[in-house]
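Here the structure comes first, spelled out in structure tokens, and everything after it is commentary.
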Amino acid sequence: MGTAYIDDFLPDALQFRPSAPLVDIGANLTHESFGRDLEAVIQRAQAAQVTTMIVTGTDIEHAEQAVSLAQRFPGLYATAGIHPHDASQWNNAIAGEMARLHARPEVVAVGECGLDFNRNFSTPREQEHAFEAQLALAAESGLPLFLHERDAGHRMREMLHAWRDEISQAVVHCFTADRDTLFGYLDLDLHIGLTGWICDERRGHHLRPLVGEIPLDRLMVETDCPYLLPRNLPAKLKGRRHEPALLPWIVREIAESRGISEADMGAATTQTAQRFFRLPTESLKEY
């Protein structure tokens with residue numbers, strides 16, 4: 001990828017290279033904010049040992065873009081789903097397009113899909129209809145689920161419980177809820193994705209005592225970039241756009257909360273992600 005990394009976007013204080021490769025399970029690299037410098041973003045990620053990134057597809061357009069990125073860049077993979085915000089758009093044509101995308105080798109999960117009763121950009125009924133349809137697609141394809149949930153934990157658990165014997169694996173991405181919701185998901189044998197939310201002293205510190213309750217073989221890490229830039233970084237970042245190269249800082253925070261080394265936390269989350277998304281082992285090799 002040439003010399004794209006040779007710039008000053010990341011201050012020296014933020015250029016952190018852990019000892020082992022990491023997997024960012026939720027990177028919105030199709031977001032318009034990455035349009036100018038995507039190649040540099042990916043090169044910075046690889047320099048920070050984030051050698052594998054799962055690019056989130058939240059609708060047909062972005063899922064197709066995620067597939068294109070996965071074809072273009074080694075170490076990138078895609079998901080394909082309809083976000084609950086866009087559930088009102090669900091129809092048979094979209095279902096067919098999603099099934100086609102799920103058959104592509106670059107697509108490693110169904111989603112981002114689920115329920116969001118916080119904003120209700122689509123009505124709860126529309127969200128449940130689209131989610132039910134995507135649960136069926138996950139059962140049909142055998143792919144794991146990449147889930148979004150906000151203020152809808154009880155209903156999410158009800159729907160997942162009804163389908164649990166039909167679907168393979170599922171991860172609740174960007175988990176931000178409380179202890180009871182966490183244990184409800186763990187009781188369903190779900191995986192949990194943690195982001196820089198845990199680094200936010202205003203609203204995320206309630207997650208710190210919960211980290212130790214999540215089995216390491218069901219814990220994964222993600223940036224959810226360009227959103228959720230960690231608030232406790234040791235230097236300011238121009239524009240406040242989050243990117244995968246900053247994932248090691250999130251791993252450090254989670255490791256500290258759990259009381260284990262960063263190396264052990266990184267290795268465990270990488271192994272869990274490799275199993276969950278069925279990644280080829282060569283995708284985790286150092287670049």
Open item on the list: Just to compare against my own numbers: the Cα pair-distance distribution for the range 54-110, 5 Å bins, whole % per bin, please.
Closed with: 5, 23, 33, 23, 11, 4, 1
Open item on the list: Give me the percent of accessible area attributable to carbon and sulfur for the range 1-87, probe 1.4 angstrom.
Closed with: 49
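Stokes-Einstein D for the range 191-241 at 4 °C, 1.567 mPa s, Kirkwood Rh over Cα pairs, in µm²/s?
In µm²/s, the coefficient rounds to 108.
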Open item on the list: If you take semi-axes √(5λ) of the Cα gyration tensor in Å from the coordinates, which of (1) 30, 22, 16; (2) 28, 22, 17; (3) 40, 35, 17 do you get?
Closed with: (2)
Task: D151 paired with D178, simple spin-label distance in nm, labels 7 Å along Cα-to-beta-carbon - done: 1.5
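What is the mean projected area of the alpha carbon convex hull for the range 1-151, to one decimal in square nanometres? Kindly include the intermediate steps, with their values, before the conclusion.
Numbers: hull surface 40.1 nm².
The Cα convex hull of the range 1-151, projected and averaged over all directions, gives 10.0 nm².
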Open item on the list: Would any residue of the range 103-118 have its amide N under 18 Å from a label point 7 Å out along Cα→Cβ of E132? List them or say none.
Closed with: 113-117
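Calculate what fraction, in whole %, of the accessible area of the range 150-287 sits on carbon and sulfur atoms when a 1.4 Å probe is rolled over the protein chains. Before the final figure, lay out the partial values.
Working: 2830 of 6150 Å².
Carbon with sulfur: 46 percent of the solvent-accessible area.
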Task: Cα-based equivalent ellipsoid of the range 164-287: semi-axis lengths in Å, sorted from largest, via gyration tensor - done: 23, 19, 14
Task: Relative contact order %, the range 1-131, counting alpha carbon pairs below 8 Å whose residues are six or more apart - done: 21
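Accessible area per residue of the range 128-210 at 1.4 Å probe, in Å²? Let's see the in-between values first.
Values: 3430 Å² over 83 residues.
Spelled out: the 1.4 Å probe surface of the range 128-210, per residue, equals 41 Å².
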- [ ] Calculate for the chain the 222 nm mean residue ellipticity that helices alone would give, adding -39,500 (n - 2.57) per DSSP H run of length 4 or more and normalising by residue count, nearest 500 deg cm²/dmol.
- [x] -11000 deg cm²/dmol
Task: Computed P(r) (all Cα pairs; the range 1-84; 5 Å bins; percent) - done: 3, 15, 24, 24, 18, 10, 5, 1
Open item on the list: Given a 1.4 angstrom probe, what's the average accessible area per residue across the range 22-93, in square angstrom?
Closed with: 32
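How much FRET efficiency would the formula 1/(1 + (r/R0)^6) give for D37 and A13, where r is the Cβ-Cβ distance and R0 is 25 Å, rounded to 0.05? Write down the numbers at each step before the final one.
On the way: r = 20 Å, r/R0 = 0.80.
Approximately 0.80, to the nearest 0.05.
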Open item on the list: Can you compute the modelled spin-label distance between R278 and D264, with each label point 7 Å from Cα toward Cβ, in nm?
Closed with: 3.2
Open item on the list: Taking just the alpha carbons, could you work out the radius of gyration and Dmax for the range 7-55, both in angstroms?
Closed with: 11.1, 31
Open item on the list: Skipping prolines and chain starts, which residues have an amide H placed within reach, meaning under 5 Å, of the one on V50, given they are 5 or more residues away or on another chain?
Closed with: L22
TODO: Enumerate by residue number the trypsin sites (Lys or Arg not before Pro) in the range 218-274 meeting two conditions: DSSP loop (anything except H, G, I, E, B), and at most 12 other Cβ atoms within 10 Å of the site's Cβ.
DONE: K236
Task: Centroid-to-centroid separation of the range 245-278 and the range 162-176 [C-alpha atoms, Å] - done: 20
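The values are calculated or read from the model by the stated rules, or taken from the named source; none is laboratory data. What you are looking at is a predicted structure, and each value in this text was computed from that prediction instead of being measured. A quick note on method: Cβ atoms are made from the backbone with ideal geometry, for glycine too, and the neighbour counts reach across all protein chains shown. Surface accessibility is based on the protein's heavy atoms, side chains included, excluding ligands, DNA and RNA. Shrake-Rupley method; radii C 1.70, N 1.55, O 1.52, S 1.80 Å.
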